[in-house]
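Beneath this line is the structure, given in structure tokens, with notes to follow.
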Amino acid sequence: MARRVLYDCGPSGNCYKVRLFAALAGIPLKTLEVDLAGGEHRQPAFTALNPWQQVPVLQDGEVVIWDSQAILVYLAERYAEPEWYPPDPLSRAKVMQWLSVSANEIQHGPADARLVRKFDYPLNYDQAVRLSSHVLATINAHLTDRDWLALRGPSIADCAAYPYIALAPDGGIDLEPYDAIRAWMTRIEALPGYIPIAS
């Protein structure tokens, strides 16, 4: 049994990005579903793991890491082959740019639109749609002359950005206009070890 435990929630794109990377990199994880609807994340036992009361959380022996981007960095640094998160400063900076985009622009565009449409979150849907158009157009332009977001091969940057882009249709965001993004998604889905995303 894996000693690495991921406190998980199936519909969460942030949890999925960790499961996806672990699957692609061959890193065994045990997943424990957190009952968000039942408020399990607000109970003292979970708050002791993550004071922000959010999933995912990774427990690796005595180590506890929260935030999906931080978990990706930790797993890549400690357990994955170096091409997923190369040690040179320039490669790391390029990857970190996309981790930031995933946590900000993608989160507040396609991810927020999905939260409104699928889960009735009280967010500004029109604003999320407008931001999504800008975000997806920018990423599509970036991908017109390259296969991967940050490096010459797949990296944790692609794992971080993929989930909420792939789930954009759940928020009423059409991916049809973005040929380069759809081609990039196809490349990710063809990687050995890929696990599908559940909308």
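Looking at Val101, Val116, which one is in contact (Cβ under 8 Å) with a residue 12 or more places away in the chain and either open to solvent by less than 30 Å² (accessible area, probe 1.4 Å) or over 21 Å from Arg19 (Cβ atoms) (or both)? Don't jump to the end; show me each part of the working.
Numbers: Val101 fails: either open to solvent by less than 30 Å² (accessible area, probe 1.4 Å) or over 21 Å from Arg19 (Cβ atoms) (or both).
None of the other options fit; the residue is Val116.
Considering only segment 177-199, state which residues are of a type outside the set (A, V, I, L, M) and either farther than 21 Å from Pro28 by Cβ or buried (at least 17 other Cβ atoms within 10 Å of the Cβ) (or both). Let's see the steps before the verdict.
Applying the first criterion (of a type outside the set (A, V, I, L, M)) to segment 177-199 yields 177-179, 182, 184, 186-187, 189, 192-194, 196, 199.
Once the filter is applied, which keeps residues that are of a type outside the set (A, V, I, L, M) and either farther than 21 Å from Pro28 by Cβ or buried (at least 17 other Cβ atoms within 10 Å of the Cβ) (or both), segment 177-199 yields Pro177, Tyr178, Asp179, Arg182, Trp184, Thr186, Arg187, Glu189, Ser199.
Taking the conditions exactly as written (buried (at least 21 other Cβ atoms within 10 Å of the Cβ) and farther than 19 Å from Val18 by Cβ), does Leu123 satisfy them or not? Give the derivation first.
Numbers: buried (at least 21 other Cβ atoms within 10 Å of the Cβ): no; farther than 19 Å from Val18 by Cβ: yes.
The answer is no for Leu123.
Any chance you could count how many residues in segment 95-132 are over 19 Å from the mean Cα position of the chain (by Cα) and of a type in the set (Gly, Ala, Ser)?
0
Go through segment 71-95 and give me each residue that's free of Cβ contacts under 8 Å to residues at least 40 places away in the same chain and within 12 Å of Ala157 (Cα to Cα).
Taking segment 71-95 as the starting set, the residues that turn out to be free of Cβ contacts under 8 Å to residues at least 40 places away in the same chain are 74, 77-78, 82, 87-90, 92-93.
Matches in segment 71-95: Arg92, Ala93.
Considering only segment 21-31, I want to know if a residue exists there that is open to solvent by less than 40 Å² (accessible area, probe 1.4 Å) and of a type in the set (S, T, N, Q).
no
In this structure, is Tyr79 open to solvent by 60 Å² or more (accessible area, probe 1.4 Å), within 16 Å of Arg19 (Cα to Cα) and not β-branched (Val, Ile, Thr)? Can you show your working first?
Values: open to solvent by 60 Å² or more (accessible area, probe 1.4 Å): yes; within 16 Å of Arg19 (Cα to Cα): yes; not β-branched (Val, Ile, Thr): yes.
Against the criterion (open to solvent by 60 Å² or more (accessible area, probe 1.4 Å), within 16 Å of Arg19 (Cα to Cα) and not β-branched (Val, Ile, Thr)), Tyr79 qualifies.
Ala150 fails exactly one of the following numbered conditions: (1) open to solvent by less than 20 Å² (accessible area, probe 1.4 Å); (2) at positive phi. What is the number of that condition?
With respect to (1) open to solvent by less than 20 Å² (accessible area, probe 1.4 Å); (2) at positive phi, Ala150 is out only on (2).
In the set Leu191, Leu149, Leu167, which member is hydrophobic (A, V, I, L, M, F, W, C) and in contact with an Asp or Glu (Cβ under 7 Å, 6 or more places away or on another chain)?
Every option except Leu149 fails the conditions.
Which one is farthest from Gly109 (Cα to Cα), of the residues in segment 156-176 that are open to solvent by 10 Å² or more (accessible area, probe 1.4 Å) and charged (D, E, K, R)? Give the steps one after another, and end with the answer.
Going through segment 156-176, the residues open to solvent by 10 Å² or more (accessible area, probe 1.4 Å) turn out to be 164, 166, 169-170, 172-176.
When the remaining residues are screened for being charged (D, E, K, R), the result is 170, 174, 176.
On the way: Asp170: 12, Asp174: 13, Glu176: 17 Å.
This residue is Glu176.
What's the total number of residues in segment 134-147 that are in contact (Cβ under 8 Å) with a residue 40 or more places away in the chain and open to solvent by 30 Å² or more (accessible area, probe 1.4 Å)? Let's see the steps before the verdict.
The initial filter retains those residues of segment 134-147 that are in contact (Cβ under 8 Å) with a residue 40 or more places away in the chain, namely 136-137, 139-140, 143, 147.
Narrowing the set further to residues that are open to solvent by 30 Å² or more (accessible area, probe 1.4 Å) leaves 137, 147.
Going through segment 134-147 one residue at a time, the tally reaches 2.
The values are calculated or read from the model by the stated rules, or taken from the named source; none is laboratory data. Just so it is clear, the structure is predicted and the values come from calculations on it, not from any experiment. FYI the Cβ positions are ideal-geometry reconstructions off the backbone, even for glycines, and counts take in every protein chain you see. Surface areas here come from the heavy atoms of the whole protein model, side chains and all, with no ligands, DNA or RNA. Shrake-Rupley method; radii C 1.70, N 1.55, O 1.52, S 1.80 Å.
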